[in-house]
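Report on the structure given below.
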Amino acid sequence: MKKIELDGVTYRYSPGTPFCKTALDGISVAFEENKITGLIGHTGCGKSTLVQLLNGLLTPTAGTVFLDGEDVNRKGNDMRKLRFRVGLVFQYPEYQLFEETVAEDIAYGPKNMGLDKEEIERRIEMALHFVGLDGSLKKVSPFDLSGGQKRRVAIAGILAMDPEVLILDEPAAGLDPSGREEILGGIRAYQREKKNTVILVSHSMEDMARYADDLVVMREGKLEMQGSCAEVFAQAERLTAVGLDVPQITRLMGALKRRGVPVRTDIFTVEQAKEEILRLTGGPRHA
Amino acid sequence: MLKDITLGQYFPGNSFLHRQDPRMKIIASILYIVAVFLCKNLFSFLFITLFTVALVLLSRIPMKVILKGVKPLLFILIFTTVYNVFFYQGEHLLADLKIVKIYFEGVMFALLMAVRIVCLLVGSSVILTYTTSPIMLTDGLERLLSPLRKIHVPVHEFAMMMTIALRFIPTLIEETDKIMNAQKARGSDLSSGGLIRRAKALIPILIPLFVSAFRRANDLAVAMECRCYRGGNGRTRMTQLRLHAIDWTMLFTVLLCGGAVVIINLYSPGFSV
């Protein structure tokens, strides 16, 4: 089911001035419910603009944004309520922390929603659990935490709002591999439990291959490709033309195929590659 | 939104005025302001207006930009004009509106004051702020004030502070925009409620902003130390300011303009301020 959808959306920055820049150019794309959709594209292709249109921070110059089939920018629509339904985690969200303790900072969103104390408390626990932070950190000042921990607190602040659509803009940028895995793994676990819609913006094809169900590829403000990970990664040449890459393992399978090994090329995780190679070699050999 | 505010009105170009030495431009703009204040009667005002128009043409800055710069002054202009028209006491009565009397001198005075304010703003901004990049401006200021070093005024440090402050204004504006959006996404409400509620709603924006300003300041200080920055002593510059003959022409032109204003004041008849 389509959860959130852009229909012929164009967005221009500073229209009518010499600095006018078209960030999105008549793009139509839909994001499916109960799935993690990866949004990829070259730097400056309009990804960050697109996600801000989804929660009403920006209003399209032309076209419509639909949430559950309703125009989000219709007259009289409560924008605050919309933002509680469509949660957005910005790039480097750790720079938005301001409260005295971790718990209070996570509670900022739920408090704005007008939830009661017990519910807020319950949501703080839930959010901390999914981002993998220990409950003992609740009374600590967020400014005393490490960079990676701050990032998790900031993400927890949005998770605690329990949005129907969760959008994360480069949530793992600048983290080490284990930090990436914990944050993205937590988001995946969260999605699988809540069965909501998650949109994940990232540059890392490896992360996309591991955590996303579907992919949306953008190019210069337009939709380039859309489909499951397997469908998109199978078109390696097209991705390269956009200035993007395919996961290393997909590239390896492509190289094997070119050398005459009859492997499938729509493979994008190491596990799948192992299965495929074992299939070709006739299963694991037991000594 | 916040990005639309133009700070430091520098308008890039390559006109005669743009190429002038910043030191000369600073002195010339001071002389120009003095000349504007020396104007006493209709003819000297006419002269300074023509001179200002010539400067605008010379700078090749579009009229639209100049008018946009005058716009914030509109309120003050209207206010002073109305005030002068109604409350100036003169000899030749034009109209008697019972409560206030309007005199011919009052109208003249109001007109000349308005011309003075507009000339002041347009002329000095064309000579200085529109045609000089902030970096050149602080450079020029530092060089001009450098004699003060003899009496232990930290001139270089002041200039460096100015340069850094100017450099970071756009950065901080962008940062504020980002933080505001991030807090809006968490449901912060900046545009409703009473004064106290609105002030409180600013906390989630101001605290991250201050934290990031301190962080940036710290990073910058470390980066400067790493490159062995030790203040102005013995420091050389990449762009050396050198005065050429052409740089003096600007100064002399403005000087001549001032002289002409004084002479016109002396030898022309009519109403004088």
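The values are calculated or read from the model by the stated rules, or taken from the named source; none is laboratory data. If you're wondering where the values come from, they're calculated on a predicted model, not measured in any experiment. Don't worry about glycine lacking a Cβ; one is built from the backbone with ideal geometry, like all the others, and counts go over all protein chains shown. SASA here: full protein model, heavy atoms, side chains in, ligands and nucleic acids out. Shrake-Rupley method; radii C 1.70, N 1.55, O 1.52, S 1.80 Å.
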Within region A:220-240, identify whether any single residue is modelled with pLDDT under 85, crowded, with 18+ Cβ neighbours inside 10 Å, among the small types (Gly, Ala, Ser) and touching an Asp or Glu at 6+ places or on another chain (Cβ under 7 Å), and answer yes or no. yes
Of the conditions (1) modelled with pLDDT under 90; (2) surrounded by fewer than 18 Cβ atoms within 10 Å (Cβ to Cβ); (3) of a type in the set (S, T, N, Q); (4) part of a helix (DSSP H, G or I), B:ASN14 fails just one. Which one is it? (4)
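Does B:ILE27 satisfy being part of a helix (DSSP H, G or I), more than 28 Å from B:PHE109 (Cβ to Cβ) and out of contact with any His (no Cβ under 9 Å at 6 or more places or on another chain)?
Judged against the criteria, B:ILE27 is a match.
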Look at A:GLU206 and say whether it is crowded, with 16+ Cβ neighbours inside 10 Å and either polar (S, T, N, Q) or in a helix (DSSP H, G or I) (or both). yes
Those residues that are closer than 12 Å to A:LEU159 by Cα and within 14 Å of chain B (Cβ to nearest Cβ), I need them from region A:125-147; list them, please. A:ALA127
Within 14 Å of the chain's Cα centre (by Cα) and within 14 Å of another protein chain (Cβ to nearest Cβ): is that true of A:GLN52 in this structure? yes
Among the residues of region A:64-113, write down those that are touching a Gly at 6+ places or on another chain (Cβ under 8 Å) and of a type in the set (Phe, Trp, Tyr). A:PHE84, A:TYR92, A:TYR108
Hits in region A:85-104 - residues which are more than 19 Å from the chain's Cα centre (by Cα), facing chain B (nearest Cβ under 9 Å) and not aromatic (Phe, Trp, Tyr): A:LEU97, A:GLU99
When only residues in region B:229-273 that are under 28 Å from the mean Cα position of the chain (by Cα) and of a type in the set (Lys, Arg) count, which is surrounded by the most Cβ atoms within 10 Å (Cβ to Cβ)? B:ARG237
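Within region B:255-273, can one find any residue that is in a strand (DSSP E or B) and more than 30 Å from A:ASN55 (Cβ to Cβ)? So that I can check it myself, show each step before the final result.
The initial filter retains those residues of region B:255-273 that are in a strand (DSSP E or B), namely B:272.
Imposing the further condition that a residue be more than 30 Å from A:ASN55 (Cβ to Cβ) reduces the set to B:272.
There is at least one residue in region B:255-273 that is in a strand (DSSP E or B) and more than 30 Å from A:ASN55 (Cβ to Cβ).
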Going through region B:176-204 one residue at a time, which ones are part of a helix (DSSP H, G or I), more than 8 Å from chain A (Cβ to nearest Cβ) and surrounded by 13 or more Cβ atoms within 10 Å (Cβ to Cβ)? B:THR176, B:ASP177, B:MET180, B:ARG198, B:ALA201
Could you give every pair whose Cβ atoms fall below 6 Å, whose first residue belongs to region B:52-76 and is more than 15 Å from B:LEU120 (Cα to Cα), and whose second residue is among the hydroxyl-bearing types (Ser, Thr, Tyr), counting only separations of at least 6 or pairs across chains? B:SER59/B:SER15; B:SER59/B:THR131; B:ARG60/B:SER15; B:ILE61/B:TYR130
Can you report the number of residues in region A:250-267 which are open to solvent by 30 Å² or more (accessible area, probe 1.4 Å) and either touching a residue at least 12 places away in the same chain (Cβ under 8 Å) or among the β-branched types (Val, Ile, Thr) (or both)? 7
Collect the residues in region B:205-245 that are assigned to a helix (DSSP H, G or I) and in contact (Cβ under 8 Å) with a residue 12 or more places away in the chain, keeping them in residue-number order. B:ILE205, B:PRO208, B:LEU209, B:SER212, B:ALA213, B:ARG216, B:LEU220
Considering only residues of region A:148-165 that are in a helix (DSSP H, G or I) and within 12 Å of chain B (Cβ to nearest Cβ), which is farthest from the chain's Cα centre (by Cα)? A:LYS150
Would you check if A:GLU182 is open to solvent by 10 Å² or more (accessible area, probe 1.4 Å), assigned to a helix (DSSP H, G or I) and among the acidic types (Asp, Glu)? yes
Being of a type in the set (Val, Ile, Thr) and either surrounded by fewer than 21 Cβ atoms within 10 Å (Cβ to Cβ) or in a helix (DSSP H, G or I) (or both) is the filter here; which residues of region A:185-203 pass it? A:ILE187
In region B:147-175, the residues that are surrounded by 13 or more Cβ atoms within 10 Å (Cβ to Cβ) and not in a helix (DSSP H, G or I): B:VAL153, B:PRO154
